[in-house]
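Notes follow the structure.
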Amino acid sequence: MSDVTYPAELAITPLAKPPSATVTAPGSKSITNRALVLSALLAQRGPRVLECVLRSEDTEVMLDCLKRLGFGFQPLWKIAAAGVEKNKRRETIPVQAADLFVGNSGTTMRFLTALLSLGRGLYRLDGVPRMRQRPIQDLLDALAQLGVRATSETGNGCPPVVLESNGQWPGGVVTVQSSVSSQFLSGLLLAAPFAGVETEFRPEGGLVSEPYVEMTVRMLRAWMCEVERTDSGYRVRPIRNVVGGPARYRIEPDASAASYFWGAAAVTGGRVTVAGLSRKSIQGDVRFVDVLGQMGCRVEECDAGITVHGGKLRGVDVDMNDISDTVMTLGAVACFAEGPTTIRNVAHIRHKETDRIAALAAELRKLGAQVEERPDGLTIDPRSLRGCAVDTYNDHRMAMSLALVGLKVPGVVIRNPGCVAKTYPGFWQDLEKLRS
């Protein structure tokens, strides 16, 4: 893991003046883990190099699991890169038996469960106690339609997962319940080009976080995989390209991580540029700046990146289903707006690293905000704020979001600040750059 160390608690000191800063966010976690899976599956066609790779708990557990499955990965952390050797074995998945630990990485659990359906053997995937509470039955049901024996070891629809496969899909039409997580569908889409048959996936129950599925589709196409959007879902054809995508692939800065710095500009009335991102990003979370624009911020885009200028904030009523990883960021910003902010259609974030709706409501109330919690979201009514110690529930996004309040309000203390290592180990150092 990263060699960054963290205290048990971290006091956030308010900024002496509004910031005027440019920040470079680390590589996208979502893109990194998709790229690791794709480069592993394409390793039979030749070696690959990934650039601007994120080093974090989530990406390191993905790398470790892929190495345990026999893929020849070599992380090059000093230059934020990773390489994979050519897979010279006949099997798509080199190892026929493995017991894998994924920590609390949802992408690793869901993507590898789908990937291992291409293998020939018996596999088990497990994680931390919270992972054992995160649902995966919808993905297991989809795999059953492909003849894969994948079961919840405890029978409660959550990990550990035990999977047995003969490496052959029958193809055809597969329905995927997609109201809990888009990662089930993304995992199947990543595996499908390497199954040797044409398969169509039809999401049912409403597709949450659809931009993440679109990210998967765009990456597959960049790696020479044939994916077609149909009236009812996605059709994937077997990969035919001999080379199979780029030998080198550059990962974008993380748009979800960028939201904290754009949020900091909104909270403090400053100017913050996040370098290397544009509205052409394959990450849906860049649209968070549009919400800040609705609240009264000024948003500029140039060759250097996207800049947010803080302004007088007003509350908004917004459906955040497509950008749900930024709900907590908006929750912090909403505390400084004039009038209430209502966040809707994000019931699925109750199944993340913590129940993010309940956790956000509880901590914002500690800070003085009036919060109404609903099954699919919450309404935040600003009040006079006060500093206090806030809990993070071992959730990286709770820690990074609540820190924004401390940039303006004295006395905010973040408990367990080390939980940011899940996706952004250097967050606290980068947040300090706003003071320069």
Would you please name the GluC sites (Glu not before Pro) within the range 353-409 that are DSSP coil residues with at most 14 other C-beta atoms within 10 Å of their C-beta? none
Give me the aspartates and glutamates in straight-line cross-link reach of Lys88: C-alpha distance below 15 Å, same-chain residues under 8 apart excluded. none
Dipole size in debye (nearest 20) for the range 57-134 around its Cα centre, Lys and Arg Cβ +1, Asp and Glu Cβ -1? 240 debye
In a GNM of the chain with a 10 Å cut-off on Cα contacts, which of Lys88, Lys366, Lys67 has the highest mean-square fluctuation? Lys88
Hey, what's the Kirkwood Rh for the range 29-250 if you take every pair of different alpha carbons, in angstrom? 17.1 Å
Just want the ordering: Trp262, Trp169, from fewest to most Cβ atoms lying within 10 Å of their own Cβ. Trp169, Trp262
In what sequence do Met109, Met320 fall when counting other Cβ within 10 Å, fewest first? Met320, Met109
Quick check on the chain: of the DSSP beta bridges with both residues there, what percent are antiparallel, nearest 5%? 65 percent
Loop only per DSSP, at most 10 neighbouring Cβ atoms within 10 Å: give me the trypsin sites (Lys or Arg not before Pro) in the range 279-348, ordered by residue number. Lys280
Ranked from fewest to most other Cβ atoms within 10 Å of their own Cβ, Thr5, Thr107 fall in the order Thr5, Thr107
For a distance above 33 Å, tell me the whole-number percent of Cα pairs in the chain that qualify. 32 percent
What helix-only [θ] at 222 nm does the chain give? Using -39500 (n - 2.57) per DSSP H run of at least 4, over all residues, to the nearest 500, the answer is -8500 deg cm²/dmol
R0 of 45 Å, Cβ-Cβ distance Arg248-Leu122: FRET efficiency to nearest 0.05: 0.80
Assigned charges on the beta-carbon of Lys, Arg, Asp, Glu; the range 29-250 dipole about Cα centre (debye): 800 debye
Rounded, prolate or oblate, given the Cα gyration tensor of the range 299-436, with a/c below 1.5 counting as rounded? rounded
Using a Gaussian network model of the chain with C-alpha springs under 10 Å, which one of Lys29, Lys422, Lys78 is most mobile by mean-square fluctuation? Lys78
Restricting to bridges with both residues inside the range 68-177, how much of the DSSP beta-bridge set is antiparallel, in percent to the nearest 5? 75 percent
Looking only at aspartates and glutamates whose Cα falls under 19 Å of Lys312's and that sit 8 or more positions away or on another chain, we get Asp290, Glu300, Glu338, Asp381
Just for the range 29-250, what percent of DSSP beta bridges are antiparallel, to the closest 5? 65 percent
Taking a straight Cα-to-Cα line shorter than 15 Å from Lys422, and setting aside same-chain aspartates and glutamates fewer than 8 residues away, one finds Asp3, Glu57, Asp58, Glu60, Asp64, Asp254, Asp325, Glu353, Asp395
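Since every read-out is calculated from the coordinates, none of them should be taken as a lab result. Please read these numbers as outputs of a predicted model, since none were measured by experiment. Don't worry about glycine lacking a Cβ; one is built from the backbone with ideal geometry, like all the others, and counts go over all protein chains shown.
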